[in-house]
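Take a look at the structure set out below.
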Amino acid sequence: MKTPESQPSVTQPVAAERAYRSPAGIAGGVLLLVMGAWLGFDAVVNGDARTAWLAVAGLLFVAPLVVAFTVRPAVYANEDRLRVRNPFRVITLPWASVADVRASYSSEVFTEGGDKYQLWAIPVSMRARKKANRAAGGRKGGGLKGDADSVPRRAAGDQSLDEIRELARDHADKPSAQGEPSIRWAYEIVAPVVVGAVLMAVLIVIG
């Protein structure tokens, strides 16, 4: 007697995680890091012992801050949650906990509990917003239906927030999108800053 063959399990495809970052911020941060490394290396090689130690302490203090505010910020979004990587914290927000996403002078996400977190990786450019509004006004009524040039455009930051709002609206009721917000401090940034500050203070005190 033949036994029925087991049915193969069907797995649902997992949507790719979307990442939002600021290319201008990253480029500026890398430039500052290169300049700081060059100046620090010159001070270590050509300066006296105290100057060399001050340079090392200064790099320990400044470099992590530059990374924190320029290279580090990012926002990741998938069908289950929003993960916000800010300079000193990582905030994970299941979609069910997200109440709203807004942008005035900065991009912010609000939770159902009333907390507010800034999205450092999605800066608000008033200049880009005004430019997009002028371009949209100039095309109003001036294109054929379905013409790509007749579709109103929005600033890049506003487009990113539109995508995040859509993800929150579409997936907030999913079982995998339930839960409470969680926060993790970026000790990998805080620790070297504290060490550099303490070392600089010691060097200044001892002269």
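Set against the 2.2 N^0.38 Å expectation for a compact globular protein, segment 54-130 has a Cα radius of gyration ratio of 1.32. Within segment 72-97, name every residue whose backbone N is under 17 Å away from a label modeled 7 Å from Cα of A16 along the Cβ vector. Taking a point 7 Å out along Cα→Cβ of A16, the residues of segment 72-97 whose backbone N falls under 17 Å are 75-80. The relative contact order of segment 58-108, computed from alpha carbon pairs under 8 Å that lie at least 6 residues apart in sequence, is 22 percent. For segment 31-93, what is the relative contact order in percent, using Cα pairs closer than 8 Å and at least 6 residues apart in sequence? About 21 percent, as a whole number. Summing charges over neighbours of R72, with a neighbour being any other residue whose Cβ is under 15 Å away from its Cβ, gives +4 when K and R count +1 and D and E count -1.
Separation of segment 40-58 and segment 93-125, taken as the distance between their Cα centroids, equals 42 angstrom.
Applying a 10 Å radius around every beta-carbon, put 69-78, 35-44 in order of their mean neighbour count, most first. Please list the in-between numbers first.
Details: 69-78: 20.4, 35-44: 13.8.
Ranking the peptides 69-78, 35-44 by packing returns 69-78, 35-44.
Each Lys or Arg adds one and each Asp or Glu subtracts one; over the other residues with Cβ under 13 Å from the Cβ of G25, this totals +3. Annotation: amide H of L82 within the under-5 Å range of L93, W95, sequence separation 5 or more or interchain, hydrogens built in the peptide plane.
Computed from the coordinates by the stated procedures, all read-outs in this text should not be read as laboratory data. In this text, all values refer to a predicted model and were calculated from it rather than measured experimentally. Positions of Cβ are generated from backbone atoms using ideal geometry, with glycine treated the same way; all protein chains shown enter the neighbour counts.
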